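Input: a single structure, listed below in structure tokens.
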Amino acid sequence: MTGTSIHIPTLETGRLRLRAPRLSDFEPYAAFRGSERARVFGGPFPREAAFDQLAELIGHWALRGFGRWMVADRTTDAPLGVVGLYHPEGWPEPEVAWSVFETAEGRGIAHEAALAARAHAYGTLGWTTAVSLI
């Protein structure tokens with residue numbers, strides 16, 4: 001039997017683990033995507049759309065060979081947001097993108113995770129440029 005396998009590396013920082021999204025991340029992810037905080041992304045979104053968006057995180061890895069990770073607390077594994085490398089069709093160039101859940105706001109989580117994602121992009125993937133569109 002043959003098939004397709006997707007490799008999503010795990011990165012660690014002092015406080016964080018950047019890892020593949022899991023079904024167990026869905027409730028906090030859906031709460032974030034359904035909140036007013038998601039207005040900057042076109043939300044709030046219903047749960048069904050949030051599920052599709054969570055699945056899209058994994059699909060980006062399959063199509064581009066890079067993508068966004070679920071950011072989790074390194075000690076508890078509690079999901080804190082989504083950070084990583086993003087380049088959808090029509091985007092001007094690859095981006096280091098982030099969004100953090102309300103519980104992670106103001107703690108430097110996005111900064112710490114974005115630095116790890118950028119280091120992966122430049123050091124592992126050989127990128128020479130990236131943007132962050134806010």
> With r defined as the distance between the Cβ atoms of Ile58 and Glu105 and R0 fixed at 25 Å, what FRET efficiency is calculated, to the nearest 0.05?
Replying inline: 0.50
> If you take the charge dipole of the chain about its Cα centre, with +1 on Lys and Arg Cβ and -1 on Asp and Glu Cβ, which of His7, Pro92, Leu63 is farthest toward its positive end?
Replying inline: His7
> Pick from Glu112, Glu93, Glu12: which is most flexible by mean-square fluctuation in a GNM of the chain where alpha carbon atoms under 10 Å apart are linked?
Replying inline: Glu93
>> Past the 16 angstrom mark, what percentage of all C-alpha to C-alpha distances in segment 12-123 do you count?
In response: 57 percent
> With Cβ to Cβ distances under 11 Å as the rule, what net charge do the other residues near Pro79 carry (K, R +1; D, E -1)?
Replying inline: -1
> When the dipole is taken about the Cα centre of segment 1-106, and only Lys, Arg (+1) and Asp, Glu (-1) are charged at their Cβ, what size is it in debye, to the nearest 20?
Replying inline: 200 debye
> Which ³J(HN,Hα) values in Hz, rounded to whole numbers, follow from the phi angles of segment 113-121 under the Karplus curve 6.51 cos²θ - 1.76 cosθ + 1.60, where θ = phi - 60° and Gly and Pro get x?
Replying inline: 5, 5, 4, 5, 5, 5, 4, 5, 4
>> Just want the ordering: Met1, Met70, from fewest to most Cβ atoms lying within 10 Å of their own Cβ.
In response: Met1, Met70
>> Could you derive backbone 3J(HN,Hα) for segment 81-92 from the dihedral phi with the Karplus parameters 6.51, -1.76 and 1.60 (θ = phi - 60°), listing whole Hz in sequence and x where the residue is Gly or Pro?
In response: x, 10, 9, x, 9, 9, 7, x, 4, x, 6, x
> Karplus couplings for segment 45-56 from phi (6.51 cos²θ - 1.76 cosθ + 1.60, θ = phi - 60°), rounded to Hz, Gly and Pro as x?
Replying inline: 10, x, 3, 4, 5, 4, 5, 4, 5, 5, 5, 4
> Using a basic spin-label model with each label point 7 Å from the Cα along Cα→Cβ, how many nm lie between Tyr122 and His7?
Replying inline: 2.3 nm
> Ser35's amide H: which non-local residues (gap 5+, or another chain) put their own amide H closer than 5 Å, with H modeled 1.01 Å from N in plane and none for Pro or chain starts?
Replying inline: Phe45
>> Order these by the 10 Å Cβ neighbour count, fewest first: Ile8, Ile109, Ile134.
In response: Ile134, Ile8, Ile109
> Once amide H atoms are built 1.01 Å from N in the peptide plane, which residues 5 or more positions from Gly67, or in another chain, come under 5 Å H to H?
Replying inline: Leu85
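Each reported figure results from applying straightforward, stated rules to the coordinates on display, with no laboratory input. Every value quoted in this text rests on a predicted model; they were computed, and no experiment measured them. Note that we place each Cβ from the backbone using ideal geometry, even for glycine, and neighbour counts take in every protein chain shown.
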